[in-house]
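Derivation of every value follows stated rules applied to the coordinates shown; laboratory data play no part. Predicted model, so just to flag it, every value in this text is computed and none were measured. Positions of Cβ are generated from backbone atoms using ideal geometry, with glycine treated the same way; all protein chains shown enter the neighbour counts.
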Amino acid sequence: MLRFLYVIWGCMLTSYSFANSPLDDFLQKKLLQPVEPKILWLNHTLKKRAETILDHPYQGLRVRYWQSGSRTAWVLDEIGKEQPITTGIIVENGKILSVDVLAYRESRGAEVQQSFFTRQFQGVSLTSNDKLSKKIDGITGATLSVWALQKVARLALMFDAEKENLNKP
């Protein structure tokens, strides 16, 4: 009996180790081809802009992103009420194509994962004062989660624009 349990447990571990992570699934679905990650190094100015957007200091010296042609994928975390919300944002030509919540860890406000909410971000760009170009409707009971997704959307658009500026000759 014990041997049988070890075999079952081994099969479960083997199948789990080959499963794609939510990040892999997100990148494969949105970028349509495998791509290597790139790095955006944050200078003092970018860190200050990120701090203004987030209302707290940005942790880290660099941001990883993935690029396929003019389309970029940004995976960013922001605290909702108490826990981080991991969000994948696809940006192309300065506009958001999609927002996907990859990991939601809060006990309330999970409605922000639903397509009726995330669709609002499609086509949104960043204004000259780092605000979203369109008002995003909130969800009763999920205010902090809504704010967190708005912040990471702004951050992804800002990082994407700065990536372009830093790469220009």
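Quick look at the numbers
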| item | result |
| --- | --- |
| Residue-wise HN-Hα coupling along the stretch 142-158, computed from phi with Karplus coefficients 6.51, -1.76, 1.60 (Hz; x: Gly, Pro) | 10, 4, 5, 5, 4, 4, 4, 5, 5, 5, 5, 5, 4, 5, 4, 5, 5 |
| Interchain or long-range residues, amide H under 5 Å from K134's placed H | S125 |
| Protection proxy ranking, peptides 38-46, 73-81, 59-67, 99-107, average beta carbon neighbours within 10 Å, highest first | 73-81, 99-107, 59-67, 38-46 |
| Prolate/oblate/rounded call for the stretch 26-74, Cα gyration tensor, a/c under 1.5 rounded | prolate |
| Net charge contributed by nearby residues that have their C-beta within less than 14 Å of T45 (K/R +1, D/E -1) | +1 |
| Selection from Q83, L23, I136 lying farthest towards where the dipole of the stretch 21-167 points positive, charges on Cβ | I136 |
| Cα-Cα separations in the stretch 21-167 greater than 20 Å, expressed as whole percent | 44 percent |
| For D77, net neighbour charge (Lys/Arg +1, Asp/Glu -1) across residues whose Cβ lies under 11 Å away | +1 |
| Cα-centred dipole magnitude for the stretch 21-167, charges only on beta-carbon of K, R (+1) and D, E (-1), debye, nearest 20 | 260 debye |
